[in-house]
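Comments concern the structure below.
The values are calculated or read from the model by the stated rules, or taken from the named source; none is laboratory data. What you see is a predicted model; the values in this text were computed from it and never measured. Neighbour counts are summed over all protein chains in view; Cβ atoms, including those assigned to glycine, are modelled from backbone coordinates with ideal geometry. SASA here: full protein model, heavy atoms, side chains in, ligands and nucleic acids out. Shrake-Rupley method; radii C 1.70, N 1.55, O 1.52, S 1.80 Å.
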Amino acid sequence: MKSDSHSIRVHGITSARSGLQLSFLLLVVLFLSACKPEAKVAGGSDPAGVYALVSVNGNQVPANVSHDGTALQVRSGSFTIDADGTCSTTTVFVPPTGTEVKREVSATYTKEGSKLTMKWQGAGTTTGTVASNTFTMDNEGMVFVYRK
């Protein structure tokens, strides 16, 4: 989407700046899984499994959050860690436009002691923490907690 040729109507005001801010926010949210998660896995434990998103910033999902001054609702999400060294995440959210968005991202990961390092397709590298049945990530200052 070319932000210079599109504007977005937010609360009755058409603004190219709001469109640019929303585009940036959507990019950040769409790549939530590729932004600085931290992980700890007990030395010999197997982190493989499907984890459901339970909270964002301490608020139970669905959670209303603000990122860079733009409010959105995170409705649901999951994080899947496979034993073959791959993982993926799915997040469903609603930006100010009101249209629900579902974003899926895949990665390969390596396990070093208690840490998982994930290399995301089309994005960067992150780490995450798994403790017991909980996976926790800090993405751009927003804390996401998933449970098996």
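Structure notes:
- Among the GluC sites (Glu not before Pro) in the range 56-148, those located in a DSSP loop and surrounded by at most 15 other Cβ atoms within 10 Å of their own Cβ are GLU100, GLU140.
- With all protein chains modelled, accessible area of VAL65 [1.4 Å, Å²]: 10 Å²
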